[in-house]
Amino acid sequence: MSSISEPEFSQQPVRKLVVIGLGLIGGSVSAGLRQRHACQEAIGIVRDQVTASLALERGVVDRAYLSLNEVAAELGEGDVIFIAVPTLAVESVLHDIRAQVSAAVTVTDGASVKGSVRDAVIAAFGEVPSNIVLGHPIAGSEQSGVAAANPSLYQKHRVILTPETSTGAQHIARVTAMWQALGAEVLSMSVSEHDEVLGATSHLPHAIAYSLVDTLAHDIGNPNIFRYAAGGFRDFTRIASSDPTMWHDIMRANRGAVLHSLDKFVDNLLRLRDGIEREDGEYLLGVFTRAKAARDHFTRMLAGSTLKDSIALSASKICVKPGAALQNHLRVPGDKSISHRAIMLGSIAQGKTVIDGLLESEDSLATLQAFRDMGVVIDGPANGHVTIYGVGLRGLSAPQKPLYLGNAGTSARLLSGILAAQTFSTTITGDASLSARPMGRIIEPLRAMGASIHSESDNLPLTFSSAKRFSAIDYPLPLASAQVKSCLLLAGLYANGITRVRQTQITRDHTERMLGGFGCPVRSGQDGWLAVTGGTELQGCRVDVPGDFSSAAFFIVAASITPGSDILLEHVGVNPSRTGALDILKLMGANIELLNLGTAGGEPVADIRVRYSELQGITIPTELVSRSIDEFPALFIAAACAQGCTELSGAAELRVKESDRLANMAAGLTALGVNVDIRADGLHITGSPLRGAEVDSAGDHRVAMALALAGLRTDGAVIVNNAECIASSFPDFVTQAKQLGISIEVIDS
Ligand code: S3P
């Protein structure tokens, strides 16, 4: 499916509009174009005089006739005929058009099935002529007839056009402009794709609604039944009041696609029936939780928002202004790395895993959805609480479609370790950023274990096929990466023998810790070796996810650079393999204290108190780089506000994160007036007064949040474009920043 761009019609897109069939669909096109002055004249061709009078009386058309014959001769280039008769009546209208109308006139339609209309065009013309552009507005109402015509019916709705290669560009452009004038978004797809999609999403629900009401009204036979029907019945059956003739035509015209999806539905319903009969609670929960997740996603789409902006930002720009000192205490959302791992281990463990504090962000929800797609029953998340009914090491099932992981690098790399060992095939895909990130680092060792992985140039999509053998390896990590290490430890669960991974630098050890909690201890040896024994079944358990240190780091830096600040961030994960940024900031002179040290879910936690303090530039010790890898965007802002120069080297990995963080942070800081010297593996940043500017996140959540917080120390506002990516890791960023007293706003773009 592709989106059609703005056509070039500076004035009215339609000269004369002729609508054949003034029901709800045709009448609404005519009334809408008239109301918006988007056509010179609107003419209706109707079945009877009553409809003609009503259409004139209501201002739906300027003229109305009972036959096309009356106007055919006056039509020419720039005019549009819109066919809006019931699907099975289209063919006879097309014969009239062929006999009476010039081929210069643009002809389009609004029928819900495109294959049958295309057949009718070929029956009438012998081919699909270049002036005929088939289309379908995805809008309607259970009301029908010209009296229901609504000039705003198509506002913010989608229209699908199904042009052929032979269709004239000027005709496509005219029809596109006509729909856009009505406020619709115009998309294009093939006839077969259209009929398949609509068969499932529109025609099937209508068939089910009619059948359900018919069952209640006739088959159950209790005369009082509708008396007790409430909102659920009303919502579910509204479309059973739609025009029966129209739907009779649609079901017949799209018979093949409707039967295909109806069979699948009947099959699902029979399994549900069986689940109810057997009182199989887990099966029922599986169906209901999957359906709820899918429907909630759809509701957000309906609200015109993606998952991103519904849970985080309602627009893509944020603005931060210098203001008061930061005060207050709060708990940042759950740790992203730990959330991913808890979902993964809970899914492949035996029995129930209950997670609290799960991060509900784009990235972690992508992991959750991937396991649902592989048949795992997951209840939640609701306020960070999730119950996973683990299926055991070998219990995952083949997903119906590629697993879409959005922006989530951790998900892609860790999941690959699990997928490489399965006996079914899967493909993982992601957004543009994830698709550009290097995957060779996991492909190479997984192949050495025997995995069968297909990928173009070591990037996503990756396709895993059933491996003939899957054996343990000894693998010295060629780079400091917790993702590669974790991928291989997870793969090692499935391998024959003992998988050993050797790391020379410290990277986050959440996988090692959590595997222990699930009953599969990871042994560690001299020289950084870690070992996992294949075939060990994991046992479901409780996981309490601490606050994400990487999210906290933004507020730690914010308080450190804003005079007078004093904040407390509660219950933050302070695993030493993650907190290199605390060491760096302390070397710079930051005033940070860890209070209430304890543990949660096998991880050290603490409350972090941060007070403003003047910072000094330093040379960052390279041994701290791998323990603070995600915090550099925030640390660069601290460096920009420090006295003197801060030098970072040994951090080339920052170039292959969600974006090239060295290049993008350097660009942002330069725009803010900071003196930045960019190196192959680091930055030299000289602290200087910052100026307000408009900067870009490059689609990277951490770049967006870091640059926004520079606005605490600029002389004017900092506006960060493309900030919706923040929802990858920290959907509540704006809300929490406000709670701390930061002057931050979302700008509705
Ligand atoms: C992560 C590891 C790090 C980090 C990423 C999360 C993890 O990536 O940058 O945000 O959860 O294992 P690398 O292993 O590629 O350094």
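So, in segment 714-740, of the ones that are assigned to a strand (DSSP E or B) and more than 20 Å from the chain's Cα centre (by Cα), which residue ends up nearest to residue 547 (Cα to Cα)?
Of everything passing the filter in segment 714-740, 720 is nearest to residue 547 (Cα to Cα).
Of all residues in segment 276-292 being within 18 Å of residue 353 (Cβ to Cβ) and under 26 Å from the mean Cα position of the chain (by Cα), which is most open to solvent (accessible area, probe 1.4 Å)?
290
Test residue 308 against the stated conditions and say whether it is closer than 30 Å to residue 707 by Cα and either touching a Lys or Arg at 6+ places or on another chain (Cβ under 7 Å) or modelled with pLDDT of 95 or more (or both).
Against the criterion (closer than 30 Å to residue 707 by Cα and either touching a Lys or Arg at 6+ places or on another chain (Cβ under 7 Å) or modelled with pLDDT of 95 or more (or both)), residue 308 does not qualify.
State yes or no: is residue 398 within 28 Å of residue 469 (Cα to Cα), touching a residue at least 24 places away in the same chain (Cβ under 8 Å) and of a type in the set (A, V, I, L, M, F, W, C)?
Yes, satisfied.
Would you confirm whether or not segment 147-161 contains a residue that is open to solvent by 10 Å² or more (accessible area, probe 1.4 Å) and over 35 Å from the mean Cα position of the chain (by Cα)?
yes
Identify, please: which residue in segment 606-628 is among the charged types (D, E, K, R) and within 16 Å of the ligand (Cβ to nearest atom) and is, among those, surrounded by the fewest Cβ atoms within 10 Å (Cβ to Cβ)?
Here the residue is 623.
Could you list, in sequence order, all residues of segment 443-456 that are open to solvent by 30 Å² or more (accessible area, probe 1.4 Å) and closer than 24 Å to residue 375 by Cβ?
452, 454
Check whether at least one residue in segment 176-185 is assigned by TED's automatic domain parsing to the domain that holds residue 60, in contact with an Asp or Glu (Cβ under 8 Å, 6 or more places away or on another chain) and at pLDDT below 95, and report yes or no.
No, every residue in segment 176-185 fails to be assigned by TED's automatic domain parsing to the domain that holds residue 60, in contact with an Asp or Glu (Cβ under 8 Å, 6 or more places away or on another chain) and at pLDDT below 95.
Answer yes if at least one residue in segment 526-534 is small (Gly, Ala, Ser), in contact with a Cys (Cβ under 8 Å, 6 or more places away or on another chain) and at negative phi, and no otherwise.
No, that holds for no residue.
Okay, residues lined up against (1) open to solvent by 10 Å² or more (accessible area, probe 1.4 Å); (2) assigned by TED's automatic domain parsing to the domain that holds residue 636; (3) assigned to a loop (DSSP other than H, G, I, E, B):
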site	(1), (2), (3)
670	yes, yes, no
673	yes, yes, yes
677	yes, yes, no
684	yes, yes, no
688	yes, yes, yes
699	yes, yes, yes
706	no, yes, no
712	yes, yes, yes
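Please state which of the following conditions residue 448 fails to meet, knowing it meets all the rest: (1) away from the ligand (no atom under 15 Å from the Cβ); (2) of a type in the set (Gly, Ala, Ser); (3) in a loop (DSSP other than H, G, I, E, B).
Just one mismatch for residue 448, condition (3).
Residue 465 passes all but one of (1) closer than 29 Å to residue 655 by Cβ; (2) within 30 Å of the chain's Cα centre (by Cα); which number fails?
Only one criterion in (1) closer than 29 Å to residue 655 by Cβ; (2) within 30 Å of the chain's Cα centre (by Cα) is unmet by residue 465, namely (1).
Take the residues of segment 633-659 that are free of Cβ contacts under 8 Å to residues at least 60 places away in the same chain and within 15 Å of the ligand (Cβ to nearest atom): which is farthest from residue 723 (Cα to Cα)?
650
Looking for whichever is closer than 28 Å to residue 525 by Cβ and without any contact (Cβ under 8 Å) to a residue 60 or more places away in the chain here; the options are 413, 469. Which one fits?
Exactly one of 413, 469 is closer than 28 Å to residue 525 by Cβ and without any contact (Cβ under 8 Å) to a residue 60 or more places away in the chain, namely 469.
Mind telling me which of the residues 44, 21, 32 ends up being within 21 Å of residue 242 (Cβ to Cβ) and either open to solvent by less than 10 Å² (accessible area, probe 1.4 Å) or at pLDDT below 95 (or both)?
Of the residues listed, the single one that is within 21 Å of residue 242 (Cβ to Cβ) and either open to solvent by less than 10 Å² (accessible area, probe 1.4 Å) or at pLDDT below 95 (or both) is 32.
Can you tell me which residue within segment 407-442, out of those that are assigned to a loop (DSSP other than H, G, I, E, B) and within 12 Å of the ligand (Cβ to nearest atom), is surrounded by the fewest Cβ atoms within 10 Å (Cβ to Cβ)?
438
So if I check each of 717, 737, which one is open to solvent by 10 Å² or more (accessible area, probe 1.4 Å) and touching a residue at least 40 places away in the same chain (Cβ under 8 Å)?
On inspection, the qualifying residue turns out to be 717.
Would you confirm, using the coordinates I've provided, whether residue 169 is at pLDDT 90 or above, more than 24 Å from residue 400 (Cα to Cα), assigned by TED's automatic domain parsing to the domain that holds residue 103 and surrounded by 14 or more Cβ atoms within 10 Å (Cβ to Cβ)?
When the stated conditions are applied, residue 169 does not pass them.
So that you can scan it fast, the table gives a plain yes or no per residue for (1) under 19 Å from residue 195 (Cβ atoms); (2) touching a Leu at 6+ places or on another chain (Cβ under 8 Å):
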position	(1), (2)
232	no, no
248	yes, no
256	yes, no
264	yes, no
276	no, yes
290	no, no
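From the list 74, 70, 57, pick out the single residue that is open to solvent by 10 Å² or more (accessible area, probe 1.4 Å), more than 45 Å from the chain's Cα centre (by Cα), touching a residue at least 40 places away in the same chain (Cβ under 8 Å) and farther than 18 Å from residue 157 by Cα.
74
The values are calculated or read from the model by the stated rules, or taken from the named source; none is laboratory data. These figures come from a predicted structure and were not determined experimentally. Virtual Cβ from ideal backbone geometry, glycine too; neighbours counted across all protein chains shown. For the accessible areas, the whole protein counts, side chains as well, though only heavy atoms, and no ligand, DNA or RNA atoms are used. Shrake-Rupley method; radii C 1.70, N 1.55, O 1.52, S 1.80 Å.
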